[in-house]
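Reading through the structure tokens given below for one structure.
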Amino acid sequence: MNILATALGHVDYLVAVALFLIGAWILVTSGNLVKKVIGLNVMETSVFAFIVTTGMIDGGAPPLVVEGMEGPYASPLPHALVLTGIVVAVSITSLALVLILRVKSQFGSIELDEIVPTDEARGDADSDAVGGDDD
């Protein structure tokens, strides 16, 4: 019962972990490159949520030095780190989407199973290149 009370006291952490696992599942199971980028963004968002919640203090005052306000103060560092992380995440997302457009123009598809040859197809191509025709 004590474990349940502790877990319910940290619902924000549980939500961040659940979002991370959902994003990882999308990233691993999807063959579509755009869905993989979406999964990566869900994972990034969960990390940002986790970092922001670590800076939260129950009953904490804003980190402003004003006469009459007393601590404890909420830490502004996690928010600054998250803002930097958001900029990096947007850059990575835009680069990934541009690369996906390039893959689409080069291969005609954004599905991994249509882009990457299977072992059987690769084996057939290798045997043709090595052995050639016996004529």
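Readers should treat all values here as calculations from the given coordinates under stated rules, not as data from a laboratory. In this text the structure is predicted, and so the values were computed from the model without any measurement. Please note: Cβ atoms are built from the backbone with ideal geometry, for glycine as well, and neighbour counts cover all protein chains shown.
When the helices of the chain are scored as -39500 (n - 2.57) per DSSP H run of n ≥ 4 and the total is divided over every residue, the value at 222 nm lands at -24000 deg cm²/dmol.
Residues whose amide H falls under 5 Å from that of residue 73, counting only those 5 or more places apart or on a different chain, are 61, with hydrogens built in the peptide plane. For the chain, the longest principal axis of the C-alpha atoms and the axis of helix 33-54 are separated by about 20°.
In percent, rounded to a whole number, the relative contact order of the chain is 20, using alpha-carbon pairs under 8 Å and six or more apart. Classification of the chain by its C-alpha gyration tensor yields a prolate form. The axis ratio a/c (a ≥ b ≥ c) is 1.5 or more, and a/b outweighs b/c.
Under the convention that each Lys and Arg Cβ holds +1 and each Asp and Glu Cβ holds -1, the size of the dipole of the chain around its Cα centre is about 900 debye.
Peptide packing: for 16-29, 66-79, 37-50, 85-98, the average count of neighbouring Cβ atoms within 10 Å per residue gives the ranking 37-50, 16-29, 85-98, 66-79, highest mean first.
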